[in-house]
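Q: Sharing a structure with you now.
Rule-based calculations on the coordinates, nothing more; no lab input. Since the structure is predicted, the reported quantities are computational estimates derived from the model, not experimental observations. As a convention, Cβ positions derive from the backbone with ideal geometry for all residues, glycine included, and neighbour counts pool all protein chains shown.
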Amino acid sequence: LNLESYHTKQLWVVWMFAQGSVVASDVEQLKQAIAECKRLILELPEHSGKQKDTVIKLIHLRLKLQELKDPEEDEPNLQVLLEHRFSKEKSKSVKQMCDKCSTIIWGLIQTWYTCTGCYYRCHSKCMNLINKPCVRSKVSHQSEYELSICPEVGLDKQDYRCAECRTPISLRGVPNEARQCDYTGQYYCSSCHWNDTAIIPARVIHNWAFEPRKVCRTSMRYLALMMSRPVLKLKEINPLLFNFVEELVEIRKLRQDILLMKPYFITCKEAMEARLLLHLQDRQHFVENDEMYSLQDLIDSSSGRLSCSLTEIHTTFAKHIKLDCEKCQAKGFMCELCKEGDILFPFDSHTSVCHDCFAVFHRDCYYDNSTTCPRCARMLERQHEDSQNP
């Protein structure tokens, strides 16, 4: 009975602190109340109602301590540091990890920030300790990938220090474990390398391998920000890839057809009003060229998602030009070699296009023809006549 009476008395004191009925003149008094609350939680029967109530009171005490030590009204909503643009987070329930000190961010009792550019997260108290610049600035100034597979230089070349923060590391884990980043090939400490995984561009381009590999935090953010950027010119980096990956051949043909359709749309009022080209707003580079790819394009090619999406868009575009729009239909071609068949368009699968005048013919007629293109011949004849009659 004496023990229960003692616990009841202590709980009453703690509760008065938590509710603000007892004024805490300084941080030390609140710390003492929190320590007493922790001790009571350990002494009370596990899973009992009193223990649960004490846990709730502990949270209230910690919130009050946070208000005294780190008043929220004194924290700016936006801070700029090393090209990071840190925005104060409103969420109190989401549990995150601080990228600086590698400990949990308790949203209920701690103020924390997220960089709007690279999504670097940290406690408010860790802000002045940050020494890593925003990864988005690197993406803006140097939009290119490391295209060698895990270009390791060796831990000895790094002087047995983390490649980023220069903390001493070793493969034996003393004083800190050395963790290799598969993207950079360098070694990092456990604070800079959390064993996050990412798809490595070099492995995709050279081996068509999409298995995620362990990377450091900086590489993870860089690869995430670069994911949708069309910076890979496969024809120059690894042209043999098209010989082994059928999906890429199909996608290249669909992209070439879409580029042939583009002139129809930019001169068609109905197509502009319908905003047909916005079907590719997430992959704008597809209406600019057929050579550049993003890493996301290659990932979607491997899964078959991109092929299905492009085929659907290709069908929609072709339907507008060949069936729905009379003005676009009027820009079709008749085969001048056989003078038979339907109206032809340069993106039809059974046609060939003259490289000089862009006239369209049946493929069989074009390759069987031993003479020059009829349209080119007329143009040459007209030029010759004009030169004879100045």
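Q: Can you work out the FRET efficiency for the pair D356 and V231, with r the C-beta to C-beta distance and R0 = 30 Å, to the nearest 0.05?
A: Working: r = 33 Å, r/R0 = 1.09.
Using R0 = 30 Å, I get an efficiency of 0.35.
Q: Which of the peptides 216-223, 201-208 is most tightly packed, and how do the rest follow, judged by the mean count of other Cβ atoms within 10 Å per residue?
A: Values: 216-223: 22.8, 201-208: 18.2.
The peptides rank, most packed first, as 216-223, 201-208.
Q: List the aspartates and glutamates whose alpha-carbon lies under 16 Å from that of K339, not counting same-chain residues fewer than 8 positions away?
A: D364, D368
Q: Counting only helical runs of four or more DSSP H residues, what would the 222 nm mean residue ellipticity of the chain come to if each run contributes -39,500 (n - 2.57) and the total is spread over all its residues? Display every interim value, and only then the final one.
A: Working: 15 runs with 164 residues, N = 390.
After summing the helix terms and dividing by residue count, I get -12500 deg cm²/dmol.
Q: Averaging over every viewing direction, what projected area does the convex hull of the Cα atoms of the chain cover, in nm²? Spell out each step's value before the answer.
A: Numbers: hull surface 134.4 nm².
Computed as one quarter of the Cα hull surface, the answer is 33.6 nm².
Q: Let me know the number of lysine pairs in the stretch 87-167 closer than 27 Å at the Cα, not counting same-chain pairs under 8 apart.
A: So the count of such lysine pairs works out to 19.
Q: Whole number please: convex hull volume per residue of the Cα set in the stretch 161-252, in Å³? Intermediate results must be reported in sequence, preceding the final value.
A: Details: hull volume 9.6 nm³, N = 92.
Convex hull volume per residue, Cα atoms: 104 Å³.
Q: Can you give me the angle between helix 246-266 and the longest principal axis of the chain, using Cα atoms only, in degrees from 0 to 90, rounded to the nearest 10?
A: For helix 246-266, the angle is close to 70 degrees.
Q: In whole percent, what relative contact order does the stretch 334-389 give with Cα contacts below 8 Å and a gap of six or more residues?
A: Numbers: 49 pairs, mean separation 15.7, N = 56.
Here the relative contact order equals 28 percent.
Q: Kirkwood hydrodynamic radius, the stretch 237-330, all distinct C-alpha pairs: what's the number in Å?
A: Details: mean 1/r = 0.0713 Å⁻¹.
After inverting the pairwise mean of 1/r, the radius is 14.0 Å.
Q: Then there's this: Report P(r) for the stretch 255-390: all Cα-Cα distances, bin width 5 Å, range 0 to the bin holding the largest distance, values in whole percent.
A: Here the calculated profile for the stretch 255-390 is 2, 9, 16, 17, 15, 14, 12, 8, 4, 2, 1, 0, 0.
Q: Now for a different question. Under a cut-off of 18 Å between alpha-carbon atoms, report the aspartates and glutamates in cross-link reach of K64, not counting same-chain residues fewer than 8 places apart.
A: Result set, ordered by chain and number: D26, E28, E36, D53, E72, E73, D74, E75.
Q: Something else: Run the numbers on the stretch 162-281 and let me know its relative contact order in percent, using alpha-carbon pairs under 8 Å that are six or more apart.
A: Numbers: 120 pairs, mean separation 17.7, N = 120.
Across the stretch 162-281, relative contact order equals 15 percent.
Q: Give the Debye-formula value of log10 I(q)/I(0) at each listed q (0.14, 0.21, 0.25 Å⁻¹), with one equal scatterer per alpha carbon of the stretch 334-389, two decimals each.
A: Ignoring solvent entirely, the Cα scatterers give -0.40, -0.75, -0.96.
Q: Under 18 Å between alpha carbons, and skipping anything fewer than 8 positions from K253 in its own chain: which lysines qualify?
A: K233, K235, K262, K319
Q: Nearest 10 degrees, 0 to 90: what angle lies between the long axis of helix 27-43 and the longest principal axis of the chain (Cα atoms)?
A: 90 degrees
Q: Under a 5 Å amide H to amide H cut-off, with H placed in plane at 1.01 Å, what residues pair with L81 once short-range neighbours are removed?
A: F86
Q: Can you pull the Kirkwood radius for the stretch 78-134, inverse mean 1/r over Cα pairs, to one decimal in Å? List each step's numbers first, then the result.
A: Working: mean 1/r = 0.0902 Å⁻¹.
It works out to 11.1 Å.
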